[in-house]
Each structure stands twice: as C-alpha cells, then as structure tokens.
Number of protein chains: 2
Amino acid sequence: MLSRNQLKLLTSLHLQKYRQELGVFPVEGVKMVNELLASNFEIQGIYATAEWINSPYATSVDPNTTLTIINDQELQKISNLNAPNQVVAIARMKSPEPFRVLHNEWILALDQIRDPGNLGTIIRTADWFGINRIVASYGTADLYNPKVVQASMGSVFRVPVHYAPLREFLAGCNADMPVFGAFLDGQRIQDAAFGSQGILVIGNESHGISSEIESLITRRVTILKAAPSGQGRAESLNASLATAVFCYEINRNRTITAS
Amino acid sequence: MLSRNQLKLLTSLHLQKYRQELGVFPVEGVKMVNELLASNFEIQGIYATAEWINSPYATSVDPNTTLTIINDQELQKISNLNAPNQVVAIARMKSPEPFRVLHNEWILALDQIRDPGNLGTIIRTADWFGINRIVASYGTADLYNPKVVQASMGSVFRVPVHYAPLREFLAGCNADMPVFGAFLDGQRIQDAAFGSQGILVIGNESHGISSEIESLITRRVTILKAAPSGQGRAESLNASLATAVFCYEINRNRTITAS
C-alpha cells in the first residue's frame, strides 16, 4: 500500500525535472528490472505486485533494498506503460565520469537525437555491436527518460552516455581520429574501410548533422540507396537505422581485420 | 467548419474497424500529405487549415477533390498526432493485387510484426534499398494504421504490402528461391553471398520467427555481434534494425554483382 506522498513522488519521476532533482529514475517491467538487477546501478527501492515478489526474480534483490508490495491499481498509477508489468524499480543515476578519448576504439557522437525511442534504440545497437562509448550533445533526449530505458532494452545499464558540448569535443579530437558523418554526397560506406578507431556522428532526425558540427567531420560517407538502377525512393533512412547499418559495417571491418 | 457527422466519421478512422468498413484511411501532416499527393492513391477529401490551403502545397490538389477548411480546434479533434500539422487527407485503400513471385527480385516476408512503428520503418527501409515487394502474415500490424503511415514517411504509398497466409506462401516458393531467416546460430550475413533473388523473413519483435515458419527457412543467417572479442552484450537487435542491416547487405551485394 502506497502513501499519498509515495504516490506523488513516484509519479513525479515521469518528468525529467524531478528525476534530475532527486537523481533517480524509474525502471519498469519484469525484463527491464531483471537487467537492472544484473547491472551495477544502485537501486533505491522496488514497488511490485505480489506476483513479482513471489517470483524467482525477486530472490536476486539485495536484502538491503526496500521492497514495497503494491496492488494493480497502484501499479497502474505509477506506471508509464500502457500495459504495466508487475514491477517498478527506482534506480540511482550515475554521476558522469570524465570522458577521455582512448585510441583503438569507436565512439558514437549524437548530434541532437531528440526522440527517446531513437536514443534507446541507438544505445541498444551500440551495445550489440560492441561500441561502448557514446557522447551526446546537450540537445539530445534525456538518457533517463522511461522511453529511452525501455527502447534500449536494458543496454542503458551497460553503455555509458556522456553529455558534452559536441563541437568542443570533436574539435579536440578530430586531428587524431577520423570523424565520420553521413551525407548524401559521401563515399559509399562499403568503400570507407573503417579502421580500428574513429568517431561516428549521428545527426538529428529531421535536420541531420548541424552545420556547426559538419565543419568538423573529416570523412563524409553515405549509405547507398538501391542499386544498380537506383530504384530506392525513400528520402532518408531513420537515424537509428542508419546507425545500425554503420555499426554493422564498422564491426564487419573489425572482424575482417582481426581474422 | 465540420458538421457533427463529419467529425464523428473522421475520428472513427482512428480505429481499424471503421477504416476497413469504409475502405479509407487518414494521412496527416504537411509532409505525409505531400507524399500522398505525389502518389497514385485516390484521395477522397482533404481537411486543412487556411494556412495549408493558402500554401503552394494546395495547388497540387486535383480540382475534383473536396477541400474543407477547418480551424485549429477541429484539426486537434480529428488528429492522431500530438502536434497536429495543418492537414488531414482521407485516402482510399488499394484493393490487394494478386501476388505472383517473380524471379530476380527480393521479397521481404513479415512474420507477425506487431508494432505499427516497426512496420512503417521496415517499409521505409525497403523503399530506401529498392526492395519493392513485401508479404505480411495476417498477424502483422494494419498497413493503414496512422502510426504505420507516419513511420513509413510516405513509403507506404510506394511499396505495396500483401497480406497473405505466410506459411502457404513460403511453402509455395521455397523450392525455387532461397528463403533467409535470422537465427543466432546462422551463417554470418557477410558470408551469405545474397544473390539477385530471395525471400528474407523478418520475425516477430518478441518471439522471432515462429516455429511453423522456421521449418520453411532454407538459409539460416545471423548478424554477428561485436567481434573479435565478442563484447556485444545486447540480447537482440530490434526487428526493424535487423531488417536495415539485411537490406543493406543485400543491396551491397547487388551493387558488387552489377559493377
């Protein structure tokens, strides 16, 4: 049973303002909470139905974590999902670590990815293809938005995202590392010979890479439309799909280099 | 100004039941309506604010199409979007054409893609990479769902989607054409040498390719996670992202073959 104050607090976390004020964020549903429990994020509290509390999943909860039993109506109230799923955990945000560019690694740089679903999907894709470093411009969606957490399918607990002034960041490293960006007039990515290190800039969903960032790109590349007869008629590829194709090609190249 | 009956009719089209009953579907916003106007879909009527009606876009409307001027409140009422955008057009669905498998082409076969956003994104991806034929199982999301139309960014007007019993369809052609499906134990797609024709089966978001379809797959392939050290930790790739990587690789191969 939730007190009025608890209810108020939990629903306030749907808003970024209160998440940031309190330094915590909600994680929802059986699958996501499992991923959270397997991560090194600190859990402040878990609110769950009897079904979840009696399930094997609950056994991996640290004994010091407060576990509150709630009913379906309460779950409905505190949930962000259309179909709430047994459990909501409140996790503590991590304080950003200083970001240092390492060599021999790939970094994704997000230039104002606004859609939480896209951000989550990009993090999941990076995780799949073993790209473990993401830098995001301040205009990018909030990492702790419930839709980001959900779309990342838990990858948000594994791949750190560093918010930074992107222009300064790229200006500081584009002499040492190639900085790739997608443009319609670029080199075909299959010919780009992605090496063992680089930065890949992903542009905003509607406007692509912003002009202040464009000048810092050292390698313009393109994902070719249908060939040979060029029947491809879609105007653009969605930002997260383009990221997947890039990461695939980067990983493909790593595989070739390594074998 | 909309009559009560018009208002009722237009809002009823948010539901599949009424769209199917009437054989029409709504298309929203400046960009989507432009794509619609450029397509060969028949338009039954357009409801737009003065701003749109006085814009250059309105000049491409067929003089026989009924154009109704509405105010912002009315637009808000009939819109499916959080931020309605000037215009809603009502388009007539196309009656399904008989589907015949041609040689020398690629077909996407969708095995219960439930999420409208994913379906729209897959259609957009197919369009980008010049795959113009899509077969969808009956359990797949409704092509005329506003979210599908929106996520396809207009590709829904160019790439026909045929709903069919997928098992029968594949059983009828898997002797003539390779049928590819993604599984964790498959051949790496960079080694698969996709030729000039084939069927690519995309499985459901949660359950992958269903067992009744799995037995009809003749080529098991996989999108490799991070290599060489296998750091990739995400459990799976989202269905539409996997489609993008597949279509990219198919198109990459076509490009090589052709050059």
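Each value in this text was obtained by applying a stated rule to the coordinates, not by laboratory testing. Predicted model, so just to flag it, every value in this text is computed and none were measured. A quick note on method: Cβ atoms are made from the backbone with ideal geometry, for glycine too, and the neighbour counts reach across all protein chains shown.
Within chain B, DSSP assigns beta bridges of which about 30% are antiparallel (rounded to the nearest 5). Close amide H partners of A:A91, meaning residues 5 or more places away or on another chain with modelled amide H under 5 Å apart, are A:F25, A:V27, A:Q44. For chain A, the longest principal axis of the alpha carbon atoms and the long axis of helix A:116-128 meet at an angle near 70°.
Taking every DSSP beta bridge that has both residues in segment A:4-92, what percent is antiparallel when rounded to the nearest 5? Antiparallel bridges: around 70 percent, rounded to the nearest 5. Relative to the current alpha-carbon distance between A:L7 and A:S95, full extension at 0.36 nm per residue lengthens the span by 29.1 nm.
Given R0 = 56 Å, the distance between the Cβ atoms of B:L102 and A:S215 translates into a calculated FRET efficiency of 0.75. When peptides B:207-216, B:141-150 are ranked by their average number of other Cβ atoms within 10 Å per residue, the highest-first order is B:141-150, B:207-216. So what's the net charge close to A:V135: Lys and Arg +1, Asp and Glu -1, counting the other residues with Cβ under 13 Å from its Cβ? Taking every Cβ under 13 Å from that of A:V135, the sum is -1. Classification of chain B by its C-alpha gyration tensor yields a prolate form. The axis ratio a/c (a ≥ b ≥ c) is 1.5 or more, and a/b outweighs b/c. Taking every C-alpha pair closer than 8 Å and separated by at least 6 residues, the mean separation divided by the residue count of chain A gives a relative contact order of 18 percent. Can you bin the protein assembly as shown into rounded, prolate or oblate? Criterion: square roots of the alpha carbon gyration tensor eigenvalues sorted a ≥ b ≥ c, rounded for a/c under 1.5, prolate for a/b above b/c, oblate for the rest. Since a/c stays below 1.5, the shape of the protein assembly as shown is classed as rounded. Here r is the Cβ-Cβ distance between A:E42 and A:N174 and R0 is 30 Å; the resulting FRET efficiency, rounded to 0.05, is 0.25. Counting charges near B:E212 (Lys, Arg +1; Asp, Glu -1) among other residues having Cβ under 11 Å from its Cβ returns a value of -2. The length gained on full extension between A:A193 and A:N85, counted as 0.36 nm times the residue separation minus their Cα-Cα distance, comes to 34.4 nm.
Between A:T66 and A:H162, the modelled labels are 3.5 nm apart [label points 7 Å from Cα along Cα→Cβ]. Can you tell me the orientation of helix A:239-258 relative to chain A, as the angle in degrees between its alpha-carbon axis and the longest Cα principal axis, to the nearest 10? Taking Cα atoms only, the helix is inclined about 70 degrees.
Can you bin segment A:4-92 into rounded, prolate or oblate? Criterion: square roots of the alpha carbon gyration tensor eigenvalues sorted a ≥ b ≥ c, rounded for a/c under 1.5, prolate for a/b above b/c, oblate for the rest. Here segment A:4-92 falls in the oblate category. Among residues other than B:Y47 with Cβ under 11 Å from its Cβ, the summed charge is -1 (Lys and Arg +1, Asp and Glu -1). For the protein assembly as shown, what proportion of DSSP beta bridges, expressed in % and rounded to the nearest 5, is antiparallel? Taking every DSSP beta bridge within the protein assembly as shown, about 30 percent pair in antiparallel fashion.
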